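The structure appears below as structure tokens.
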Amino acid sequence: MRIDAHQHFWNVDLFEYAWMPPPPSDLRLNYLPDLLWRILKRNRFDGSVLVQANTTLEETHWLLDLAEANEFVRAVVGWVDLTDPQLGRVLDELQKRPKFKGVRHPVQDEADDNWLLRASVLAGLAELARRRLPYDLLLRPRHLPLVPRVAESVPELRMVIDHIAKPPIASQAMEPWARDIEAAARLPQVYCKLSGMVTEAAKNWKAEDLRPYVAHVMRIFGPDRLMFGSDWPVCTPAGSWKEVLAAFTQAIGAQPIEVREKLLGDTAARFYGIQ
């Protein structure tokens, strides 16, 4: 099974997306399932993991509605308020929907760089761990040193670092990102998505710009904890879905078929519990 482990849908008529650039922007269009399914079919992908783009429960339920209406959406990573005293009840309702498979919060947008270490947040993460729900980490490099500390507080929580933590690919700088993500990779419950890289690259990026970063995470995580994600349609100002896949393929270089199968679906299926 080939799975795009990271994509989004949105409807700008229904929700406000504060992170989007102001109009005119190609991102301020509606991106809905029919368009992605045509792309996935052309490229022989079987499904995708749909990830939140808005910090409301209304969007989480809307994404689950879309997933239920579109078989190719194999899992939804939704948003919940991790600090909500009623989080257990919220998750009880969401877990009645079989495609609810994980949670994400945009840590990168929090004014407090140590937001993940707040007692109320750690309590919410512990509730996810108790329910065996994984957590997507939307981080910048400066947040990476927090990952081992979260793991120490909530050791049963499985986490995946989105977009290899957005290193400064445009400037080709490696440190301190390389050191800090290696420390996170020493934790067996931490996974990583090979996604979002073209967005962090220079305007006229080439696949070789990604190679040092991809080689590093390949070495420290290995294919059993890495998964390809397009980050469609966030990627579209920098490259089409197919261009992102081609860049990923070139950046990983020649690999045995079993490694490619893990990167292109098996790891994501195992991490999110996709049948």
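Given a cut-off of 19 Å, what percent of all Cα-Cα pairs of segment 133-182 lie beyond it? Result: 25 percent of Cα pairs exceed 19 Å.
In this structure the amide hydrogen of Leu137, modeled in the peptide plane, comes within under 5 Å of the amide hydrogens of Val160, Ile161, Asp162, none closer than 5 places in sequence on its chain.
Each Cα pair under 8 Å and six or more residues apart adds its separation to the average, and for segment 148-210 the resulting relative contact order is 44 percent. The 1.4 Å probe gives accessible areas that order His61, His163, largest first, as His61, His163. Below 8 Å, C-alpha to C-alpha, sequence gap of six or more: please give me the relative contact order for segment 121-244 in percent. Across segment 121-244, relative contact order equals 23 percent. Per-residue accessible area for Arg142 at 1.4 Å probe radius, Å² rounded to 10? Spelled out: Arg142, probe radius 1.4 Å, area about 130 Å². Solvent exposure of the chain, expressed per residue, is 44 Å² of accessible area, with all protein chains present and a 1.4 angstrom probe. Quickly estimate the mean residue ellipticity at 222 nm for the chain, helices only: each DSSP H run with n ≥ 4 gives -39500 (n - 2.57), and the total goes over all residues, rounded to 500. Taken over the chain, the calculation gives -10500 deg cm²/dmol. Dipole magnitude for the chain: computed about the Cα centre from +1 point charges on Lys and Arg Cβ and -1 point charges on Asp and Glu Cβ, it is near 820 debye.
Take every Cα pair under 8 Å whose residues are at least 6 apart in sequence, average their separation, divide by the length of the chain, and the relative contact order is 19 percent. Per-residue Karplus couplings for segment 256-268, computed as 6.51 cos²θ - 1.76 cosθ + 1.60 with θ equal to phi - 60°, are listed in order as x, 4, 5, 5, 4, 5, 5, 5, 9, x, 5, 5, 4 Hz, Gly and Pro entered as x.
At the residue level, Leu194 shows approximately 0 square angstrom of accessible surface with a 1.4 angstrom probe and all protein chains present.
Computed over segment 8-84, the P(r) tail beyond 15 angstrom holds 58 percent of alpha carbon pairs.
What residue among Pro22, Pro145, Pro85 shows peak mean-square fluctuation when the chain is described by a Gaussian network model with Cα springs under 10 Å? With Cα springs under 10 Å in the chain, the top fluctuation among Pro22, Pro145, Pro85 is at Pro22. Across all directions of projection, what mean area in square nanometres is found for the Cα convex hull of segment 77-226? Directional mean of the projected Cα hull area for segment 77-226 stands at 9.1 nm².
Using only Cα coordinates, the Kirkwood hydrodynamic radius of segment 1-129 works out to 15.8 Å.
In the context of the full protein assembly, Ser120 retains an accessible surface of approximately 50 Å², using a probe radius of 1.4 Å and ignoring ligands and nucleic acids. Here the convex hull built on the C-alpha positions of segment 139-230 has a volume of 83 cubic angstrom per residue.
In this simple spin-label model, placing a label point 7 Å from the Cα along the Cα-to-Cβ direction at both Ala119 and Thr56 gives a separation of 3.2 nm. Between amide H atoms placed 1.01 Å from N, distances below 5 Å from Trp232 occur with His8, all of them 5 or more places distant or on a separate chain.
Spread over its residues, the convex hull of the C-alpha atoms of segment 203-267 is 84 Å³ per residue. The calculated FRET efficiency for the pair Arg38 and Leu14, based on their C-beta separation and a Förster distance of 25 Å, comes to about 0.70. When +1 charges are put on Lys and Arg Cβ atoms and -1 charges on Asp and Glu Cβ atoms, the dipole computed for segment 128-275 relative to its Cα centre reaches about 280 debye. Normalised by 2.2 N^0.38 Å, with N the number of residues, the alpha-carbon radius of gyration of the chain equals 0.93.
For segment 83-172, the ratio of Cα radius of gyration to the globular rule of thumb 2.2 N^0.38 Å stands at 1.13. With the full set of protein chains in place, find how many percent of the accessible area of the chain is carbon and sulfur; take the probe as 1.4 Å. It is 51 percent, rounded to a whole number. Please find, in a Gaussian network model of the chain (springs between Cα atoms separated by less than 10 Å), the residue of Leu133, Leu245, Leu35 whose mean-square fluctuation is greatest. Of Leu133, Leu245, Leu35, the Gaussian network model singles out Leu35 as fluctuating most.
Here segment 41-111 is described by how far its Cα atoms reach on the three principal axes: 43, 30, 15 Å, from widest to narrowest.
The values are calculated or read from the model by the stated rules, or taken from the named source; none is laboratory data. These numbers were taken from a predicted model, which means no experiment stands behind them. Reconstructed Cβ throughout: ideal geometry from the backbone, glycine too, with neighbour counts over all protein chains shown. With ligands, DNA and RNA removed, areas are computed over all heavy atoms of the protein, side chains included. Shrake-Rupley method; radii C 1.70, N 1.55, O 1.52, S 1.80 Å.
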